[in-house]
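A.B. asks: Structure incoming, see below.
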Amino acid sequence: MEGTRTFLDVKEYPDAEVQRDQVLTLEEWQEKWVSRKIGFHQEQGHKLLKKHLDTFLKGGNGLRVFFPLCGKAVEMKWFADLGHSVVGVEISELGIREFFTEQNLSYSEEPITEIPGAKVFKSSKGNISLYCCNLFDLPRANIGKFDRIWDRGALVAVNPGDRERYVDVVLSLTRKGFHYLLAILSYDPTKYAGPPFYVPDAEVKKLFGSLCNIHCLEKVDVFEELHKSWGIDYIVEKLYLCTEK
C-alpha cells in the first residue's frame with residue numbers, strides 16, 4: 001500500500017506547456033468513430049462517478065445534467081432513469097445514434113435552426129436531448145442552464161489551446177448552486193502527445209479557481225495494457241468537484 005500511495009502522489013510533469021500546440025480537428029474526431037478508435041468509451045460506465053454519485057447529486061430531484069462531448073456515454077441513461085433531464089453535445093452523429101440504439105431508446109431528430117447543418121436528437125420520453133454540433137456553437141441554440149455537469153473525456157479531449165474558451169462556454173451554462181464533476185488524467189506528456197491530453201492540477205485551479213471552489217475527491221491508478229502502446233508507464237485519474245463560490 002505504501003508504494004501505491006507514493007505512486008498516486010507522483011510529482012506532476014513540470015512543463016504544462018509541452019502539449020500546448022497539439023490540435024485535433026472535428027473531422028479527426030468524427031473519423032475516430034468511423035474507424036472505431038473509441039477506446040475512451042466505457043461500456044460499464046465510470047466507476048468513480050458511481051462511487052461519488054450522491055456527492056454529485058446532493059439529493060437533488062429533477063436536475064438538468066449536461067454532458068459535454070458526450071459520445072455514447074451510458075451514464076446519460078443512468079441519470080435519465082433517476083428522473084433527471086439530460087442534455088449532451090457531440091460532434092459525431094454516429095456516436096449519438098449508437099447511444100440511442102444501444103440503450104434501446106426510440107428517438108426523433110430535427111435541425112437546429114440557430115446552427116446551420118446541426119441536429120438535435122431527442123428520446124421519445126423527452127428526457128434526453130443530444131445536440132450534434134460543435135460545442136462552441138451550442139450557446140446559440142438557447143439550451144438553458146444546468147444544475148450538474150459531468151465532464152469525463154471532455155476537458156481532456158479539447159485542444160489544449162482551447163481550454164479557457166471551453167471552460168468559459170460550459171460555466172456560462174450553469175445555474176446557481178451548480179456541481180461540476182471533472183475527471184482529468186495525469187501522465188508524462190513528453191511520452192504521449194494525446195488525446196486524451198494531460199491536465200495538471202495547476203491548470204484546473206487556473207481554469208476554475210476564479211469562479212469555483214475546487215475539491216479533489218479521489219485519485220486512482222487507471223493504467224491498463226492499452227496504455228503501454230502510448231509509451232507511458234503510469235496514468236492517474238483525478239476526480240474533482242467544482243462548486244459555486
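The values are calculated or read from the model by the stated rules, or taken from the named source; none is laboratory data. Treat the numbers as computed from the prediction; the structure is a model and nothing was measured. Note: ideal-geometry Cβ built from the backbone for every residue, glycine included; neighbour counts use all protein chains shown. Please note that ligands, DNA and RNA were not included when accessible areas were found on the heavy atoms of the full protein model with its side chains. Shrake-Rupley method; radii C 1.70, N 1.55, O 1.52, S 1.80 Å.
A.B. asks: Please count how many residues of segment 108-126 are open to solvent by less than 40 Å² (accessible area, probe 1.4 Å) and part of a loop (DSSP other than H, G, I, E, B).
C.D. replies: Here is the first cut: in segment 108-126, the ones open to solvent by less than 40 Å² (accessible area, probe 1.4 Å) are 112, 115, 118, 120-121, 123.
Keeping just the survivors that are part of a loop (DSSP other than H, G, I, E, B) gives 112, 115, 118.
Adding up the residues that qualify gives 3.
A.B. asks: To continue, here is another question. Can you tell me which residue among LYS72, LYS77, LYS50 is of a type in the set (Lys, Arg), surrounded by 16 or more Cβ atoms within 10 Å (Cβ to Cβ) and outside any loop (DSSP other than H, G, I, E, B)? Steps first, answer last, please.
C.D. replies: Numbers: LYS72 fails: outside any loop (DSSP other than H, G, I, E, B); LYS50 fails: surrounded by 16 or more Cβ atoms within 10 Å (Cβ to Cβ).
Residue meeting the stated conditions: LYS77.
A.B. asks: Please go through (1) closer than 30 Å to ASN61 by Cα; (2) free of Cβ contacts under 8 Å to residues at least 12 places away in the same chain; (3) of a type outside the set (Phe, Trp, Tyr) for ILE214 and return the number of the only condition it doesn't satisfy.
C.D. replies: It fails just one condition, (2).
A.B. asks: For segment 127-147, what are the residues that are surrounded by fewer than 14 Cβ atoms within 10 Å (Cβ to Cβ) and modelled with pLDDT of 95 or more?
C.D. replies: ASN134, GLY144, LYS145
A.B. asks: In segment 148-193, what count of residues is obtained for those that are assigned by the TED database to the domain that holds ILE235, part of a loop (DSSP other than H, G, I, E, B) and open to solvent by 20 Å² or more (accessible area, probe 1.4 Å)?
C.D. replies: 6
A.B. asks: Quick one: which residue in PHE99, PHE197 is under 19 Å from TRP78 (Cβ atoms) and buried (at least 19 other Cβ atoms within 10 Å of the Cβ)?
C.D. replies: Working: PHE197 fails: under 19 Å from TRP78 (Cβ atoms).
Every option except PHE99 fails the conditions.
A.B. asks: Another question, if that's okay. Among the residues of segment 226-237, is there at least one that is outside any strand (DSSP E or B) and under 19 Å from the mean Cα position of the chain (by Cα)?
C.D. replies: Checked against the condition, which is being outside any strand (DSSP E or B) and under 19 Å from the mean Cα position of the chain (by Cα), segment 226-237 yields at least one hit.
A.B. asks: Continuing with the same structure: Show the residue pairs meeting these rules: Cβ distance below 8 Å; 6+ apart or different chains; first residue within segment 157-182 and hydroxyl-bearing (Ser, Thr, Tyr); second residue modelled with pLDDT under 95 and assigned to a helix (DSSP H, G or I).
C.D. replies: SER172/PRO139
A.B. asks: I want to confirm something. Restricting to segment 220-240 and keeping residues that are open to solvent by 30 Å² or more (accessible area, probe 1.4 Å) and touching a residue at least 60 places away in the same chain (Cβ under 8 Å), which single residue is nearest to LYS51 (Cα to Cα)?
C.D. replies: Going through segment 220-240, the residues open to solvent by 30 Å² or more (accessible area, probe 1.4 Å) turn out to be 220-226, 228-231, 233-234.
Subsequent filtering for residues that are touching a residue at least 60 places away in the same chain (Cβ under 8 Å) retains 220-221, 226, 234.
On the way: VAL220: 12, ASP221: 15, LEU226: 24, TYR234: 23 Å.
The selected residue is VAL220.
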